[in-house]
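Have a look at the structure below before the remarks.
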Amino acid sequence: MAPSYWPLFNLVLRTPRLSLRPPTDDDFPQLIQAIDAGIHDPQMMPFSMPWTDTEPGARGQQAAQFWWRQRAEWSSNEWHLVFAVFHDDVVVGAQGLFAKHFPVLKEVQTGSWLTQCAQGQGFGKEMRAAVLQLAFEELGAEIARSAAFIDNMPSLAVSRSIGYRDNGRYREAPRGTPNTMINFELTRDEWLARRGELSRAHVSGLDGCLSMFG
Ligand SMILES: CC(C)(COP(=O)(O)OP(=O)(O)OC[C@H]1O[C@@H](n2cnc3c(N)ncnc32)[C@H](O)[C@@H]1OP(=O)(O)O)[C@@H](O)C(=O)NCCC(=O)NCCS
């Protein structure tokens with residue numbers, strides 16, 4: 001049972017093949033192992049903040065600081081919910097759901113990664129659908145946004161196959177060379193129209209967390 005002062009440790013999303021739950025410090029070594037095993041071809045950079053370029057020792061420390069920061073800076077107005085993603089009780093990646101001014105704007109954004117040996121099996125789509133279900137059907141979100149580089153085919157495909165619409169472009173230069181980002185948007189009504197075609201998650205442990213989202 002999670003301590004009453006951090007009820008998010010009770011939150012679990014169970015999809016047909018995956019479990020998603022906010023990582024405790026005990027989960028960090030497995031998460032870092034999944035990062036160190038490789039997330040992408042070193043020739044490309046899928047993230048606008050090129051955090052995977054940091055050498056492994058420092059990267060593990062920075063990753064832990066990032067996960068601690070998301071807890072430390074949590075407010076109902078602005079939050080970043082990190083889920084560790086488990087397949088057969090082994091960490092295979094992370095799925096983020098985050099928002100600014102959530103009680104007013106009702107907008108969420110997502111970000112994710114999977115260790116390379118877990119990619120290409122539909123897990124990316126399954127974990128994104130799980131957090132969208134949480135956002136739209138449990139937390140009252142009205143819009144979900146996402147973005148991916150124009151050459152990140154799996155990430156673009158996850159958004160498009162879930163039903164997001166392209167919503168403009170901008171440029172980022174994570175390694176000093178500009179690349180085009182495609183913005184995506186999905187409204188609540190669009191989600192509700194598509195949800196029957198997507199895997200469903202069983203959500204548990206949410207009741208005690210609801211006040212944390214305003
Ligand atoms: C992006 C990522 C999370 C997607 O997860 P995944 O499990 O590999 O993707 P899935 O197997 O769920 O595939 C999703 C879709 O992409 C398609 N796809 C997968 N690889 C593809 C490729 N190389 N080219 C084109 N389409 C591809 C699949 O066919 C599927 O489309 P469909 O549902 O229409 O059939 C994962 O690849 C990853 O971690 N990549 C590195 C980190 C990253 O890019 N993070 C996102 C930053 S924006």
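Nothing in this text is a laboratory measurement; each read-out follows from the coordinates by a stated rule. These numbers come from a predicted model, not from an experiment. In this analysis, Cβ positions are derived from the backbone assuming ideal geometry, glycine residues included, and neighbour counts consider all displayed protein chains.
Amide hydrogen proximity for L198: with H placed 1.01 Å from N in the peptide plane, no residue at 5 or more positions away or on another chain lies under 5 Å.
Taking the fewest neighbouring Cβ atoms within 10 Å as the starting point, the ordered list for T180, T115 is T180, T115.
Taking label positions 7 Å along the Cα-Cβ direction at both S75 and A193, the computed distance is 3.7 nm, reported to one decimal. By the count of neighbouring beta-carbon atoms within 10 Å, fewest first, S204, S75, S159, S199 end up ordered S75, S204, S199, S159.
What relative contact order, as a whole-number percentage, does the chain give when Cα pairs under 8 Å and 6 or more residues apart are counted?
Worked out over the chain, it gives 26 percent.
Applied to segment 170-175, the Karplus parametrisation 6.51 cos²θ - 1.76 cosθ + 1.60 on θ = phi - 60° returns per-residue 3J(HN,Hα) values of 8, 10, 9, 9, x, 10 Hz, with x for Gly and Pro. As a ratio to 2.2 N^0.38 Å, the alpha-carbon radius of gyration for the chain is 0.97. Taken about its Cα centre, the chain carries a charge dipole of roughly 400 debye when the Cβ of each Lys and Arg holds +1 and the Cβ of each Asp and Glu holds -1. Taking amide hydrogens as placed 1.01 Å from N in the peptide plane, the amide H of G93 sits under 5 Å from those of V85, T115, each at least 5 positions away in sequence or on another chain.
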